[in-house]
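*Asks:* Once you've had a glance at the structure underneath, I'll fire off some questions.
Nothing in this text is a laboratory measurement; each read-out follows from the coordinates by a stated rule. If you're wondering where the values come from, they're calculated on a predicted model, not measured in any experiment. Reconstructed Cβ throughout: ideal geometry from the backbone, glycine too, with neighbour counts over all protein chains shown.
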Amino acid sequence: MSSPGAKPSIFSRIIAREIPATIVAETDRIIAFEDIAPQAPVHIVITTKATQYRNVVELAAGDPALLAELVRVAATIADERTGGEFRLVFNNGAAAGQTVFHVHAHVMGVGDRSQSLG
Ligand code: 5GP
């Protein structure tokens, strides 16, 4: 669980519908929404409703079934939006570009096979 008094992450506030987001998929344990600052024509964030895992390494150790579910949801979204050719990115740590410390993956793709992410 989050430590007592910890400030909820921005993603917790999206999950609680306290701030708006364009939600594209949801299960009992996973939620996916459009990234607010897309780095690619298709850029979706997939995160866990559980708040205690700060990154993918912690999630893999603590709940590998939930990590597998997150990847399945990501793949379903990517199939629909990119035709199945996509990047699945987990930034792990601030030095690697992680800014939200609530485990999440980025699905990035082009959505148009005449282009590529380069
Ligand atoms: P990270 O840098 O931690 O791997 O990824 C965090 C992602 O969350 C960034 O791509 C950023 O644009 C996105 N993000 C941050 N705040 C919000 C928000 O309030 N709403 C949405 N939809 N995305 C956000």
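*Asks:* With +1 on each Lys and Arg Cβ and -1 on each Asp and Glu Cβ, and nothing else charged, work out how big the dipole of segment 40-118 is about its Cα centre, in Debye to the nearest 20.
*Replies:* In total the dipole reaches around 120 debye.
*Asks:* Please check: in the Gaussian network model of the chain (C-alpha springs, under 10 Å), which one of Val45, Val57, Val73 has the largest mean-square fluctuation.
*Replies:* Judging by the Gaussian network model, the answer is Val57.
*Asks:* With 10 angstrom as the radius, rank Ile77, Ile15, Ile44, Ile23 by how many other C-beta atoms surround their C-beta, starting from the fewest.
*Replies:* Ile23, Ile77, Ile15, Ile44
*Asks:* For the chain, take the longest principal axis of its alpha carbons; what is the angle in degrees between that and the long axis of helix 64-82, to the nearest 10 within 0 to 90?
*Replies:* 30 degrees
*Asks:* Taking the dipole about the Cα centre of the chain, with the C-beta of Lys and Arg at +1 and of Asp and Glu at -1, give me whichever of Met108, Val71, Val45 is farthest to the positive side.
*Replies:* So the residue we want is Val45.
*Asks:* Right, another one. Taking R0 as 25 Å, what FRET efficiency do you get between Ile10 and Ser116 from their Cβ-Cβ distance, rounded to the nearest 0.05?
*Replies:* Calculated transfer efficiency: 0.25.
*Asks:* Additional query: Distance between the C-alpha centers of segment 13-44 and segment 65-118? Whole Å please.
*Replies:* Value for the Cα centre distance between the two parts: 12 Å.
*Asks:* In nm, to one decimal, how far is the modelled label at Ile19 from the one at Asp79, with both set 7 Å along Cα→Cβ?
*Replies:* Once both label points are built, they end up 3.2 nm from each other.
*Asks:* Can you give the extra length, in nm with one decimal, that the chain gains between Leu88 and Glu58 once fully stretched, where that is 0.36 nm per residue apart less the Cα-Cα distance?
*Replies:* Numbers: separation 30, 0.36 × 30 = 10.80 nm, distance 1.74 nm.
Length difference between fully extended and current span is 9.1 nm.
*Asks:* Further, regarding this structure: How high is the relative contact order of the chain, in percent, counting Cα pairs under 8 Å that sit 6 or more residues apart?
*Replies:* Values: 185 pairs, mean separation 33.1, N = 118.
For the chain, the relative contact order is 28 percent.
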